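Nothing in this text is a laboratory measurement; each read-out follows from the coordinates by a stated rule. These numbers were taken from a predicted model, which means no experiment stands behind them. When we count neighbours, we look across all protein chains shown, and the Cβ atoms used for this are built from the backbone with ideal geometry, even at glycine.
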Amino acid sequence: MVKLGNNCNIDKSAILGYKPNRKITSDKLIIGNKAIVRTGTVIYLGSVIGNNFETGHNVVIREENTIGNNLNIWNNSTIDYGCKIGSNVKIHCNCYIAQFTSIEDSVFIAPGVIVTNDIHPGCEFFRKCMHGPAIKKGAQIGAGSIIFPFITIGEKALIGAGSVVTKDIPAESVAYGNPAKVIGSIYDLKCINKITDRPYKKKNG
């Protein structure tokens, strides 16, 4: 069963309520108000998605995901099953979010980011220990980065483009490289275009 909120705009070729091969706990797909779902998108049964949801073309969202309000997910990106995603999250083009990943509010994921969940690929017990990373509130993940399983990226952390993140990243820090290393605080960064003195500023109090 598919339940849509008010004032939704669903392109004709989009598929809502695709039935997964896996056994799922709920056969309902619930999408909130004012959704925009574009051509080629496929959304499986078993997920709950909040208001103001918007997809680009050819997006796939698998079953048993819980997604907050105002998710924007662009062309050719996939959210695999069993993820928890907060509100005001942006996932750009050509991204893969692995099963059992947690993404908190106001996270930005740039084009080509790959999130992984399997520490022992090919192991006969791999299904018992699959777990994606936890990406905390306000973190920003740079284009083309790879995020390893089980790790935590702290609140408001900034991951540089092309990084391979293999360990926990503290909150409000800047990390980049392969493997990614913490090189400082987001508050130390300066705007090279001189539009502002510093792009990230601490709030008083």
Which one of Thr66, Ile103, Cys93 has its Cα pushed farthest toward the positive end of the charge dipole of the stretch 50-122, where Lys and Arg give +1 and Asp and Glu give -1 at the Cβ? Cys93
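What number, in percent, do you get for the relative contact order of the stretch 1-152 if the mean sequence gap of Cα pairs under 8 Å and at least 6 apart is divided by its residue count?
On the way: 492 pairs, mean separation 21.6, N = 152.
In percent, rounded to a whole number, it is 14.
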Gyration tensor (alpha-carbon) shape descriptor, the stretch 162-205, a/c threshold 1.5: oblate
Kindly work out what percent of the DSSP beta bridges joining two residues of the chain are antiparallel, to the nearest 5. 10 percent
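Highest mean first, what order results for 131-139, 175-183, 159-167 on Cβ atoms within 10 Å? Don't skip to the answer; put the middle values down first.
Details: 131-139: 21.3, 175-183: 16.2, 159-167: 18.6.
Per-residue mean Cβ counts within 10 Å order the peptides as 131-139, 159-167, 175-183.
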Taking square-rooted eigenvalues a ≥ b ≥ c of the alpha carbon gyration tensor, is the stretch 1-117 rounded, prolate or oblate, where a/c under 1.5 means rounded and, failing that, a/b exceeding b/c means prolate? rounded
In order over the stretch 170-180: 3J(HN,Hα) from phi, Karplus 6.51/-1.76/1.60, θ = phi - 60°, whole Hz, x for each Gly or Pro, gives x, 4, 6, 10, 10, 9, 7, x, 9, x, 5
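Sort the stretch 68-166 into rounded, prolate or oblate with this rule: let a ≥ b ≥ c be the square roots of the eigenvalues of the Cα gyration tensor; rounded if a/c is under 1.5, and if a/c is not under 1.5, prolate when a/b is larger than b/c, oblate otherwise.
Details: a/c = 1.57, a/b = 1.45, b/c = 1.09.
In terms of gyration-tensor shape, prolate.
In percent, how large is the relative contact order of the stretch 24-73, given Cα pairs closer than 8 Å and 6 or more residues apart?
Value for the stretch 24-73: 37 percent.
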Which of Val42, Val115 has the fewest Cβ neighbours within 10 Å, and the rest in rising order: Val42, Val115
